[in-house]
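Participant: Have a look at the structure that comes next, please.
The values are calculated or read from the model by the stated rules, or taken from the named source; none is laboratory data. Predicted model, so just to flag it, every value in this text is computed and none were measured. Cβ sites come from the backbone with ideal geometry, for glycine too, and all protein chains shown count toward neighbours. The area values use the complete protein model at the heavy-atom level, side chains included, leaving out ligands, DNA and RNA. Shrake-Rupley method; radii C 1.70, N 1.55, O 1.52, S 1.80 Å.
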Amino acid sequence: MLEKIMTEGECSQLRSLINNAETIVLCCHVNADGDALGSMLGWAELLRTMGKEPLMVAPDQYPDYLQWLPNTEKIVRYDKRKDFVDTVLKIADLVFCLDFNTLSRTDAMAEAIEQSPARKILVDHHLDPGVNAVLTVSHPEMSSTSELVFRIVWQMGMFEQMGKHFAVPVYCGMMTDTGGFTYNSSSSDIYFIISQLLTKHIDKDKIYRNVYHNYSEHRIRMVGYVLCHKLVVDEKRHAAFYTLTREDLKRFHFIKGDAEGLVNMPLQIKGLKLSISLREDTERDRLIWVSLRSVDDFPCNKMAELFFNGGGHLNASGGKLQCTMDEAVEVVKRAILHFEDTLK
C-alpha cells in the first residue's frame, strides 16, 4: 500500500477547496516537458470527474512529440492568449501550480499568477518550494510531479473513477522524468503505481514509441552531427559537453522537442559521469539554455545552482546563461574544473 503524502487534514482541505471553487486554473512551467504536461492533464481529469472544468495554461509552446497526449487541444498557451488568461486569473478561485517550485519558472505568466486573488495550491517535486500557497504538496524524493498526482488521487480514493485520459498522461510524465525509468526510479512504489495504471488498459509500449520514436529525419541527422562534430569529452574528468548554436538549429530545421534526450547520450560512454548541453535560444540573443545529466552521486543540481542560474534534481538539472555561446563554453569549463574532485 502506498504511503500517504498528505495528512488527513490536508486531504480534507484539498477536497473543500476544489468543491467550493467555480473557476480553476492549472499552470505548468515554461518549456513544458512530459512531466509538466502529464501532471497538468492528469490533474485536470480528476477535476472533471469532480464536476469542474479547469482552464489548463502552458506559458509557451510545448514539444511536438507530446501533442498526441489526450486533451492537449484544451491547453491554452499564455504567449498566444495573454489577455484571455489574465482575465481568467483575475476572477479565479483556485490556481494549481504543477511541476514548478517558484513562479519565475512560469516566465511571463509569473506576475499574473502572483497578482491573482485565487488561492494557490502547489504540487511539485523540486527542491525549495517558494510559491505562496494555501496548500503545498512538495516531495523532492519522488520521481515526478505526475507520481505525486497519482498518489494524491489514490489517497483521495478517486483512482477507481479514473480512466485512460488520466492514466496515459500520468504514466507519460513519470516515464519522461525518469528517462524511461532509468534514473530516479528505484523505489518499488513506482512499479506498484505502474501496475495500477496498466489496469486502465494503457499501452505503455505505444506511449514509449510516441515519445522516443516519433522524431523527424532532421532530428536524427542533428543527433549524428552533434555526436560526431560537436561533442567535447574531458576523459580526465569524466565529463562531456556539446553546443547547439542558432545556426546548427536552423540547419537541421529545429522544432521544440528535437533536443530532448540528446544530453543523455554521452553518458553511454564508459566511465562518463556528467553530460552538459548548451543550446542557443532561437529568438532571443545572448540566451543559452543549459541541461545537465549525471550518473551515481554527482550533484547536477549543485552545479546548476553555482554556475548556470538553475537547479533541479541530483542527476537531472537545468539552467540558463545570458551570454554568447563562446562565453557559455568557458563557464562550462570552469564548472567542470570546480567539481573536478567529485567527477574523478
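Participant: Of MET265, MET158, which has the most accessible area and how do the rest follow, probe 1.4 Å? Numbers along the way, then the final one.
Facilitator: On the way: MET265 55, MET158 15 Å².
So, going from the largest accessible area down, we get MET265, MET158.
Participant: Right, next: With every protein chain kept in place and ligands, DNA and RNA left out, what is the accessible area per residue of segment 37-160? Probe 1.4 Å, answer in Å².
Facilitator: Working: 4730 Å² over 124 residues.
That works out to 38 Å² per residue.
Participant: Go ahead and estimate [θ] at 222 nm for the chain from helices alone: -39,500 (n - 2.57) per DSSP H run with n ≥ 4, summed, over the residue count, rounded to 500.
Facilitator: Working: 13 runs with 129 residues, N = 344.
So the calculated ellipticity at 222 nm is -11000 deg cm²/dmol.
Participant: Taking the dipole about the Cα centre of segment 44-163, with the C-beta of Lys and Arg at +1 and of Asp and Glu at -1, give me whichever of ILE113, ASN101, LEU127 is farthest to the positive side.
Facilitator: My answer, from the dipole projection, is ILE113.
Participant: What Kirkwood hydrodynamic radius, in Å, does segment 130-183 give when the mean of 1/r is taken over all pairs of distinct Cα atoms and then inverted?
Facilitator: Numbers: mean 1/r = 0.0817 Å⁻¹.
Roughly 12.2 Å, rounded to one decimal.
Participant: Quick one: length gained pulling ASP281 to LEU227 fully straight, 0.36 nm per residue minus the C-alpha distance?
Facilitator: Details: separation 54, 0.36 × 54 = 19.44 nm, distance 2.00 nm.
Extra length available between ASP281 and LEU227 comes to 17.4 nm.
Participant: Quick one: compute the contact order of segment 202-344, relative version, from alpha carbon pairs under 8 angstrom and 6+ residues apart, as a percent.
Facilitator: Values: 235 pairs, mean separation 26.7, N = 143.
Once divided by the residue count of segment 202-344, the mean separation gives 19 percent.
Participant: Specify the residue with the greatest mean-square fluctuation among PRO117, PRO63, PRO169, computed from a Gaussian network of the chain linking alpha-carbon atoms under 10 Å apart.
Facilitator: PRO117
Participant: Taking only the alpha-carbon positions of the chain and ignoring solvent, what does the Debye formula give for the base-10 log of I(q)/I(0) at q = 0.08, 0.09 Å⁻¹?
Facilitator: -0.38, -0.48
Participant: Hey, any idea what % of the chain's accessible area is carbon plus sulfur with a 1.4 Å probe?
Facilitator: On the way: 7280 of 15610 Å².
Taking all protein chains in place, the chain shows 47 percent carbon and sulfur surface.
Participant: Work out the P(r) tail for segment 173-285: percent of alpha carbon pairs separated by more than 19 Å, whole number.
Facilitator: 56 percent
Participant: Are there GluC sites (Glu not before Pro) in segment 1-106 that DSSP marks as loop and that have at most 14 other Cβ atoms within 10 Å, and which are they? Kindly include the intermediate steps, with their values, before the conclusion.
Facilitator: Values: sites: GLU3, GLU8, GLU10, GLU22, GLU45, GLU73; in loops: GLU3, GLU22.
Here the GluC sites (Glu not before Pro) that fit, given the DSSP loop and packing criteria, are GLU3, GLU22.
Participant: At a Förster distance of 35 Å, what's the computed FRET efficiency of ARG251 paired with GLU53, Cβ-Cβ distance as r, to 0.05?
Facilitator: Working: r = 44 Å, r/R0 = 1.25.
The formula returns an efficiency of 0.20 here.
Participant: Another question about this same structure. Taking the Cα centre of the chain as the origin and placing charges on Cβ (Lys, Arg +1; Asp, Glu -1), which of ALA92, SER185, GLY157 is farthest toward the positive end of the dipole?
Facilitator: The one lying farthest along the dipole's positive direction is SER185.
Participant: Now, a different point. Counting alpha carbon pairs within less than 8 Å and at least 6 residues apart, what relative contact order, in whole percent, applies to the chain? Kindly include the intermediate steps, with their values, before the conclusion.
Facilitator: Values: 636 pairs, mean separation 46.0, N = 344.
Computed value for the chain: 13 percent relative contact order.
Participant: While we're on this one: With every protein chain present, what accessible area does ARG48 have (1.4 Å probe, heavy atoms only), rounded to the nearest 10 Å²?
Facilitator: Accessible surface of ARG48 is approximately 50 Å².
Participant: Taking the dipole about the Cα centre of segment 186-344, with the C-beta of Lys and Arg at +1 and of Asp and Glu at -1, give me whichever of PHE339, THR199, VAL226 is farthest to the positive side.
Facilitator: Highest projection toward the positive end goes to THR199.
Participant: On a full-extension model of 0.36 nm per residue, what is the gain between GLU114 and PHE181, subtracting their alpha-carbon distance, rounded to one decimal in nm?
Facilitator: Details: separation 67, 0.36 × 67 = 24.12 nm, distance 3.45 nm.
Contour length minus the Cα-Cα distance gives 20.7 nm.
Participant: I'd like the accessible area for ASP326: 1.4 Å probe, protein heavy atoms, all chains in place, Å² to the nearest 10.
Facilitator: Number for this one is 120 Å².
Participant: Could you let me know the centre-to-centre spacing of segment 118-184 and segment 10-85, using Cα atoms, in angstrom?
Facilitator: Cα centroid to Cα centroid, the span is 13 Å.
Participant: Here is a further query. To the nearest 20 debye, what is the magnitude of the charge dipole of the chain about its Cα centre, counting +1 on the Cβ of each Lys and Arg and -1 on the Cβ of each Asp and Glu?
Facilitator: Values: 39 positive and 47 negative charges, 116 e Å.
The dipole of the chain has a size of about 560 debye.
Participant: Next up: Mind jotting down a quarter of the surface of the convex hull over the alpha carbons of segment 74-187, in square nanometres, one decimal? Kindly include the intermediate steps, with their values, before the conclusion.
Facilitator: Details: hull surface 32.5 nm².
It is 8.1 nm².
Participant: Using a probe radius of 1.4 Å on heavy atoms only, what accessible surface per residue do you get for segment 247-344? Whole Å² is fine. Before the final figure, lay out the partial values.
Facilitator: Values: 5000 Å² over 98 residues.
That works out to 51 Å² for each residue.
Participant: Something else now. Given the C-alpha atoms of segment 21-69, compute the convex hull and give its volume per residue in Å³. Walk me through the numbers on the way to the answer.
Facilitator: Details: hull volume 3.3 nm³, N = 49.
With only Cα atoms used, segment 21-69 gives 68 Å³ per residue.
Participant: Which ³J(HN,Hα) values in Hz, rounded to whole numbers, follow from the phi angles of segment 18-33 under the Karplus curve 6.51 cos²θ - 1.76 cosθ + 1.60, where θ = phi - 60° and Gly and Pro get x?
Facilitator: Taking θ as phi minus 60°, the curve returns 5, 4, 8, 9, 9, 10, 10, 10, 10, 10, 10, 7, 4, 6, 3, 9 Hz for segment 18-33.
Participant: Run the numbers on segment 99-195 and let me know its relative contact order in percent, using alpha-carbon pairs under 8 Å that are six or more apart.
Facilitator: Details: 106 pairs, mean separation 21.0, N = 97.
Contact order relative to length: 22 percent.
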